[in-house]
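S.K.: Okay, handing you the structure first.
The values are calculated or read from the model by the stated rules, or taken from the named source; none is laboratory data. Because the structure is predicted, anything quoted here is derived from the model rather than measured. For neighbour counting, all protein chains shown are included, and Cβ atoms are generated from backbone atoms with ideal geometry for every residue, glycine included. Side chains are part of the model used for accessible areas, which takes the heavy atoms of the whole protein and leaves out ligands, DNA and RNA. Shrake-Rupley method; radii C 1.70, N 1.55, O 1.52, S 1.80 Å.
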Amino acid sequence: MLTFLRRRITSSAIPLVVVILGVFGLARLTGDPANLYLPLSATPEMRAEFAARHGFDQPLYVQFVDYLAQVVRLDFGESLRTAEPAAEAVLRAFPATLQLAGATMILATLGAIVVGSWAAYRPNSAADRIASFTSTTAASMPDFWFAIMGVLVFAVALGWLPTSGTVGAPAWVLPVLTLLIRPFGVLVQVVRGAMVSALSAPYIKVARSKGAGEVRVVFGHALRNAAPPALTVAGDLTVGLVNGAVVVETIFGWPGIGKLMITSILQRDFAVLQAAVLVTAITIFALNIVIDACYALLDSRVRQGVTT
Amino acid sequence: MIKITRVPSTPRRRQAASALLALGAMLSAGACSVANSGPEAPGGGAAANTVRIVLPEEPPTLEPCDASLTATGRVTRANITEALTERDPSTGKLQPALATEWKQDSPTEWTFTLRPGVKFHDGTAFDAKAAAFSIDRTVGSTIDCNVDGYVFGGIELTATAVDDTTLKVKTAKADPILPLRLSFVEIVPTTTNKTGKVREPVGTGPYKIAKWDTGRSLRLERFAGYWGKAPEFAAAEYVWRAEGSIRAAMVKSDEADVAIGLAPEDGAGDAAVQYPNNETSYLRIDATKAPLNDIRVRQAINYAIDRNGLVASVFAGLGKPAGQLVPEGVTGHSTAIQAWPFDMAQAKKLVAEAKADGVPTDTPIKIIGRNGIYPKAAEAMEVVQNALIEAGLKVEIEMLDVNAWLEYLLRPFPKNLGPTLLQAQHGNQAGDAAFTMGQIYGSKGAQSSYGTPELDDLIGKAEQASGEERQTAFAAALEHQNKQVVRDAVLAHMTGILALSPKVTYQPNAATNDEMRLADMHPAG
């Protein structure tokens, strides 16, 4: 297992370097921050002073070397927009996204296991058709539309939930539902497909012939074998959410990393953008390693390390 | 060679526990932030004497020397900090604030008498030293103050405290509107950081910062030591939502009392209040390139646009057809300039005449638009495109986001660019045409693609004039531009929308977008 983890961590280092290089270069292609941070009437001298003060007048390679030197010292610079340390802004926003993504994926995964297994238990039954219809509808639901409709119905018309914000359990309902609906739809279909195959396997018949109860057959035997493909898809969906749930964060005023990154791009706030992408990339690499580890735990063929 | 290593199998319960641990770790990593985020009044129901305001964006900072930035100024100005003078947005007249009176000693020297007995939120006394420090920090420091670029633009001045209540300001060149410029310099105590921007300033305003929960909410509370009349609301709670329909919904569901920056489609319904938002939409014509270098083509563009139709259909009636960038109430506004009349026959005739004289009227003209510059921005440009095509021109549209659009707005302009019409909008917060003319119509203005020596001369003379002469001189420059230069096609003075709950009374005005005075808000009834 340690060999497996070491290999995965090593292989993540190269993409991480590519991400650092990419975000630095691409950010600077978006244009001159002076156009945004100085008033439209600013004189050319003011623009030149601004560039010199923030090092934007230096050749790109010099700026990059300076940036790397800062990163090594865990200094990500200061936000042009808010005049606060970039790392502070990122470390404040990232937990909010992680929390939202975590709650969403736990609920989506548990819900999908129950509904997908229920549908697969009797393929082509009414239950299966209802589950398939529901999951297809959920998987194809535009999140922006769902969020706005949710606000209009549950907050404005019925007054049951707040329109937005982060305080109190009711404020979580609409953001989590909006984020959950598509992963739930996709996962139900994956779980159903995997469970249909698993439930028709010979070992299930053996288990039943030995007198195992149906709950144990479905959730004890079949689900364990159906889990790897669902875990893979759930992992991909989680990575997508950790990257920032921009629509949800924007609509519901959720102060997460996606909204921070979009604002940083639009405002050419290079320091915050670089810090946000780097922290997100490291988290996603770590998450992928955790998912692979879970996969290995579930499937002995994966954890049997293969070396040449 | 392949080597297979056998790993002892893990008991099933441990496997399940590991998987759950991974998910749990991810969840708990961020569990503290949102759970511990503290009060966020809207949604939870605010205290009765608190006004709840929802903004389109969080203020980046509350730095007083950036108060000319809309997102900063509408919270900071006249609420947390104050200036020596203030401009009445309805009359355009300059009024005393922290200075009670001022006089011009010579073309380059002014004396300001300061209000006695004023305290900063930290208890220190406001005096001439603080005023001089604030002016120097805004104009003479190296912290990229937005007010410096917006209001002073390289003007050199020196502020000196004569005694506690007397301030002398000297300028390198004569500046007839110095007191107006100083209405943008927010006064801070001498203990304020001069080498870096501050996020939470100390001021003399009627409210002080109680708590800024970054990313979530900002609370201001009434300052008990305020020198003027105490505002009625004991506190103000700001939150921010980027989506207009959510801001409107928050007022309708009693989560907020005031929501600003709304569009007609945001659904504020009966809560909507319209107000002139001090912005004027226009198309900047690049008159350096054929066929736009022919004044007949520029006139044809103006005749071809049905401004009444545009305002009625695209802007949902929110706006007023306009003929100049300087609106009523701003020094320099010309009552002689009206919106160009819609006359398609005249537009076709002018294009045909130009074509007959060899002007390449079939050269494609590109409209450079900006998404979201005002509601229905793309639709407005499509209406203009159709009108110009009907007049006999070839017109394409390219809609850009703000960053890409700025490359076209500001000098140096992109190279190898063909003839363009730039979709733009201008707001004159300062109340004097000097903040419009030079930068937009001057030959070398930061936003100007074309000017003439005659117009430069008129602008230069107007900038040196004062009083009634200044008004007349700027109006003359505007009229010259409108008749002899025709550098743009002004579309409409725009109208803003805010949503107001029945619990609050507030009369928005032309300054509301940039300076939303909490003292002007009152509990209803």
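S.K.: Placing unit charges on C-beta atoms (Lys and Arg positive, Asp and Glu negative, everything else neutral), compute the dipole magnitude of segment A:93-258 about its Cα centre in debye, rounded to 20.
M.R.: 760 debye
S.K.: Whenever you get a sec, line up B:Arg219, B:Arg284 from highest to lowest accessible area (probe 1.4 Å, protein heavy atoms). Let's see the in-between values first.
M.R.: Details: B:Arg219 65, B:Arg284 15 Å².
The ranking, largest first, comes out as B:Arg219, B:Arg284.
S.K.: Please give every one of the lysines within straight-line cross-link reach of B:Lys444, meaning a C-alpha to C-alpha distance under 26 Å, and leave out same-chain neighbours fewer than 8 residues apart.
M.R.: Straight-line reach from B:Lys444, under 26 Å: B:Lys173, B:Lys289, B:Lys366, B:Lys415, B:Lys461, B:Lys483.
S.K.: With a 1.4 Å probe and all protein chains kept in place, how do B:Ile397, B:Ile80 rank by accessible area, largest first? Let's see the in-between values first.
M.R.: Working: B:Ile397 55, B:Ile80 0 Å².
Largest accessible area first, the list is B:Ile397, B:Ile80.
S.K.: Treating cross-link reach as a plain straight distance, find the aspartates and glutamates whose alpha-carbon is under 18 Å from the alpha-carbon of B:Lys211, omitting any fewer than eight places away in the same chain.
M.R.: Qualifying aspartates and glutamates at Cα under 18 Å: A:Glu84, A:Glu88, B:Glu40, B:Glu57, B:Glu58, B:Glu63, B:Asp122, B:Glu200, B:Glu221, B:Glu237.
S.K.: Please calculate the 1.4 Å probe accessible area of A:Trp118, with all protein chains present, and give it to the nearest 10 Å².
M.R.: Approximately 140 Å² for this residue.
S.K.: Quick check on packing: order B:174-185, B:93-104, A:95-106 by the mean number of other C-beta atoms within 10 Å, highest mean leading. List each step's numbers first, then the result.
M.R.: Working: B:174-185: 22.4, B:93-104: 16.2, A:95-106: 24.3.
The peptides rank, most packed first, as A:95-106, B:174-185, B:93-104.
S.K.: In bins 20 Å wide, starting from 0, what share of all Cα pairs of chain A does each bin hold, as a percent?
M.R.: Answer for chain A: a P(r) of 26, 48, 22, 4, 0 percent.
S.K.: Now, a different point. Sorted by average packing, counted as other Cβ atoms within 10 angstrom per residue and highest first, what order do B:316-326, B:289-299 take?
M.R.: Most protected by this proxy first, the peptides run B:316-326, B:289-299.
S.K.: Of the options B:Phe233, B:Leu350, B:Ala387, report the single residue whose Cα projects farthest towards the positive end of the charge dipole of chain B (beta-carbon charges: Lys, Arg +1; Asp, Glu -1).
M.R.: Result: B:Phe233.
S.K.: Right, another one. Per residue, what accessible area does segment B:81-184 have, given a 1.4 Å probe and all protein chains present, in Å²?
M.R.: Heavy-atom accessible area per residue stands at 41 Å².
S.K.: Assigning unit charges at the beta carbon (Lys, Arg +1; Asp, Glu -1) and nothing else, what dipole magnitude in debye, to the nearest 20, does the protein assembly as shown show about its Cα centre? Mind showing how you got there, number by number?
M.R.: Values: 75 positive and 78 negative charges, 877 e Å.
Roughly 4220 debye, rounded to the nearest 20.
S.K.: Next question. For B:Ile365, enumerate residues with amide H under 5 Å from its amide H, sequence gap 5+ or separate chain, H modeled in the peptide plane.
M.R.: Under 5 Å from the amide H of B:Ile365: B:Lys394, B:Val395, B:Glu396.
S.K.: Kindly compute the accessible surface that chains A and B hide from a 1.4 Å probe when together, both sides summed, and give it to the nearest 100 Å².
M.R.: Interface area, both chains combined: 5200 Å², rounded to the nearest 100.
S.K.: Kindly list the residues of segment A:137-178 that lie in the label zone of B:Glu265, defined by a backbone N under 19 Å from the point 7 Å along the Cα-to-C-beta vector.
M.R.: Those under the cut-off are A:142-153.
S.K.: Additional query: For segment B:278-494, what is the relative contact order in percent, using Cα pairs closer than 8 Å and at least 6 residues apart in sequence?
M.R.: Values: 427 pairs, mean separation 76.5, N = 217.
This gives 35 percent for segment B:278-494.
S.K.: Taking a ≥ b ≥ c as the square roots of the Cα gyration tensor eigenvalues, with a/c under 1.5 meaning rounded and otherwise prolate when a/b beats b/c, else oblate, which class fits segment A:93-258?
M.R.: prolate
S.K.: Sticking with the crude label model, points 7 Å out along Cα→Cβ, report the distance from B:Thr142 to A:Val62 in nm, one decimal please.
M.R.: 1.5 nm
S.K.: If you don't mind, another one. When Cβ neighbours within 10 Å are restricted to other protein chains, what is their mean count per residue of peptide B:144-155?
M.R.: 5
S.K.: In the protein assembly as shown, what percent of the accessible surface is made up of carbon and sulfur (1.4 Å probe, ligands and nucleic acids excluded)?
M.R.: On the way: 20380 of 34960 Å².
Exposed carbon and sulfur together represent 58 percent of the surface.
S.K.: Still on this structure, please answer the following. Going out from 0 in 10 Å bins, what whole percent of all Cα-Cα distances in the protein assembly as shown drops into each bin?
M.R.: 2, 11, 19, 21, 19, 13, 8, 4, 2, 0, 0
S.K.: Next up: If R0 is 30 Å, what FRET efficiency do you get for B:Lys168 and B:Thr124 from their C-beta distance, rounded to 0.05?
M.R.: That pair, B:Lys168 with B:Thr124, gives E of 0.85.
S.K.: Over all residues in A:97-109, what is the mean tally of Cβ atoms on other chains that come within 10 Å of each residue's Cβ?
M.R.: 4
S.K.: Moving on. Considering Cα pairs under 8 angstrom that are at least six residues apart, work out the relative contact order of chain B and quote it in whole percent.
M.R.: Taking the mean separation of contacting Cα pairs over the length of chain B, I get 19 percent.
S.K.: Also, quick follow-up: Which value in nm describes the separation of the simple spin-label points at B:Thr505 and B:Asn293, placed 7 Å from the Cα toward the beta carbon?
M.R.: Computed distance between label sites B:Thr505 and B:Asn293 equals 6.0 nm.
S.K.: Moving on. Okay, helix-only estimate at 222 nm for the protein assembly as shown: each DSSP H run of n ≥ 4 adds -39500 (n - 2.57), divide by all residues, round to 500 deg cm²/dmol; what do you get? Before the final figure, lay out the partial values.
M.R.: Values: 28 runs with 359 residues, N = 833.
Roughly -13500 deg cm²/dmol at 222 nm, from the helical runs in the protein assembly as shown.
S.K.: Let me ask something additional. Stokes-Einstein diffusion coefficient for segment B:278-494 at 10 °C in a medium of 1.306 mPa s, Rh from the Kirkwood formula over Cα pairs: what value in µm²/s? Walk me through the intermediate numbers first.
M.R.: Values: Rh = 17.3 Å.
Answer, rounded: 92 µm²/s.
S.K.: Connecting C-alpha atoms closer than 10 Å in a GNM of chain A, tell me which of A:Ala234, A:Ala42, A:Ala138 has the biggest fluctuation.
M.R.: A:Ala42
S.K.: Please compute the Cα-Cα pair-distance distribution of chain B with 10 Å bins starting at 0, giving whole percents from short to long.
M.R.: Here the calculated profile for chain B is 4, 17, 24, 23, 17, 8, 4, 2, 1, 0.
S.K.: How much of B:Glu232 can a 1.4 Å solvent probe reach, expressed as accessible area in Å² and rounded to 10?
M.R.: Result for B:Glu232: roughly 90 Å² accessible.
S.K.: A further question follows. Other chains' Cβ within 10 Å of B:242-255 residues: what's the mean?
M.R.: Mean partner shielding for this stretch: 6.
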